[in-house]
Amino acid sequence: MDGLLDLFSFDDYGALLWLVRNSILAGAVLGLVGGLVGVMVMQRDLAFAVHGISELSFAGAAAALLIGADVVTGSIVGSVLAALVIGAFGARARDRNSIVGVLMPAGLGLGILFLALYPGRSANKFSLLTGQIIAIDDPGVLRLVIVSLVVLVALLLVWRPLTFLSLDPESAVARGVPARALSIGFLLLLGLITAVSVQIVGALLVLALLVTPAAAALRVATSPLVVALLASAFGLVSAVGGILLAIAGSLPISPFITTISFLIYLVCRVVGGVRGTVVRKEVLA
C-alpha cells in the first residue's frame, strides 16, 4: 500500500494544475465529445473500426514526427485515410472487419518503423503511444477545441438519420436516407476525434474515450438522451480525472484514464446486472 502511495506526490499541486491547464481543458472537451461519438460507435458496431483508425492515426503521427512535421496534422491525415478506406470498402460488417484487420497491423508496423528511424528523444516516441499531459500549447488546444466543435456540430446534424440508419437500415434506405454518404461521413468524424486524442491518451488507447464510456452508459440506461448524457459525463470524468491523478503521479497519463474508464464500466455493469435481476424478480412475482 505504501508503495502505491509513493507513486503520488501532491507537493506544489496548485502550480502543476496551472501548468497543465491546457491539457485539462483538452481532456474535458475530448471526454464530452468522445463520449457522445462513442454512443454512435456502439450503435453502429464500430468499436473494432476505432482501433483500426487509431493504428493509422499512430502511423501518421509517427511519420510526421520523423519528417519534422506537426504530429497532430500527421495523425489527422492517417485517421482520415483509414476512415475513407473503411467507409469505401466496408459497407457490410464482414467486409469492414476484414479491412480493419488488415489496416491494424499495417498501421502499427509502419508506425513502429517510423519511430525506429526517428533520431530524436525517446520520450517523443513514447508519448505517441501513451499520451503526454504537457504536450498541448495554446495553439494546440485551440485547434483541438475547433476540431471537436466541428465534430460535435456535424454529429448533431446527422444524429437522427444516422440513428435511424443504425437501428433499421433497410427502412432507412427505403425512406431515402443516404446510407453510404452518412456512413462515410461518420467515419470521417470518428477519424478526426481519434486523431486529436493522440496527445492526450495516446494513439493506441483511444478506446478508453471513444468506446468504454458509451458501453458503460448503455449498461444503466435505455433512453437515447440519458445514454448520450451519461456517456459524455463518463468520458469527462475519465479524461479529466486521469489528468488530475497523472499530475501527482510518476506514470504516463493513459493508465489513469483507462483505469478510471474501466472502473466506471465495471460499476455500471454491476448496477445494470442488479437492476435486471430485480426487474426479473418483480415480473415473476
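The values are calculated or read from the model by the stated rules, or taken from the named source; none is laboratory data. Keep in mind that what you see is a predicted model, and the values were worked out from it rather than measured. We place every Cβ from the backbone using ideal geometry, glycine too, and count neighbours over all the protein chains shown.
The residues of segment 93-112 that are without any contact (Cβ under 8 Å) to a residue 40 or more places away in the chain and basic (K, R) amount to a single one, R94. Suppose the filter is of a type in the set (S, T, Y) and free of Cβ contacts under 8 Å to residues at least 24 places away in the same chain; does S171 pass it? Yes. The residues in segment 244-257 that are within 15 Å of the chain's Cα centre (by Cα) and surrounded by 20 or more Cβ atoms within 10 Å (Cβ to Cβ) can be counted, and the count is 4.
Which residues, taken from segment 214-259, are farther than 27 Å from T277 by Cα, free of Cβ contacts under 8 Å to residues at least 60 places away in the same chain and in contact with a Leu (Cβ under 8 Å, 6 or more places away or on another chain)? Correct list: F256, T258. Can you find a residue that is out of contact with any helix residue (DSSP H, G or I) (no Cβ under 8 Å at 6 or more places or on another chain), outside any helix (DSSP H, G or I), within 24 Å of A88 (Cβ to Cβ) and not small (G, A, S) anywhere in segment 158-168? Yes, there is a match, as at least one residue in segment 158-168 is out of contact with any helix residue (DSSP H, G or I) (no Cβ under 8 Å at 6 or more places or on another chain), outside any helix (DSSP H, G or I), within 24 Å of A88 (Cβ to Cβ) and not small (G, A, S).
Considering only residues of segment 155-172 that are under 22 Å from the mean Cα position of the chain (by Cα) and not aliphatic (A, V, I, L, M), which is surrounded by the most Cβ atoms within 10 Å (Cβ to Cβ)? Across segment 155-172, the extreme among qualifying residues is S166.
Out of L209, L182, which single residue is in contact (Cβ under 8 Å) with a residue 60 or more places away in the chain and not charged (D, E, K, R)? Steps first, answer last, please.
Numbers: L182 fails: in contact (Cβ under 8 Å) with a residue 60 or more places away in the chain.
Only one candidate qualifies: L209.
Per-residue answers, yes or no, for (1) closer than 14 Å to L128 by Cβ; (2) among the β-branched types (V, I, T); (3) buried (at least 20 other Cβ atoms within 10 Å of the Cβ); (4) modelled with pLDDT under 85:
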| site | (1), (2), (3), (4) |
| --- | --- |
| V33 | no, yes, yes, no |
| A62 | yes, no, yes, no |
| V77 | no, yes, yes, no |
| R92 | no, no, no, yes |
| A106 | no, no, no, no |
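Within segment 221-236, the set of residues being surrounded by fewer than 19 Cβ atoms within 10 Å (Cβ to Cβ) and not polar (S, T, N, Q) comprises A221, P224, L225, V226, L229, A233.
Each row is one residue, and each column tells you yes or no for (1) part of a loop (DSSP other than H, G, I, E, B); (2) under 16 Å from V77 (Cα atoms); (3) of a type in the set (A, V, I, L, M, F, W, C).
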{"residue": "G176", "(1), (2), (3)": "yes, no, no"}
{"residue": "T194", "(1), (2), (3)": "no, yes, no"}
{"residue": "L209", "(1), (2), (3)": "no, no, yes"}
{"residue": "P213", "(1), (2), (3)": "no, no, no"}
{"residue": "A217", "(1), (2), (3)": "no, no, yes"}
{"residue": "T222", "(1), (2), (3)": "yes, no, no"}
{"residue": "A228", "(1), (2), (3)": "no, no, yes"}
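Could you tell me whether any residue of segment 132-145 is more than 29 Å from G242 (Cα to Cα), of a type in the set (G, A, S) and modelled with pLDDT under 85? No, that holds for no residue. Beta carbons closer than 6 Å, at least 6 apart along the sequence or on distinct chains, pair a first residue in segment 124-152 that is surrounded by 15 or more Cβ atoms within 10 Å (Cβ to Cβ) with a second that is modelled with pLDDT under 75 and not in a helix (DSSP H, G or I) for L128/A203; L129/G202; L129/L204; T130/G202; T130/P252; G131/G202.
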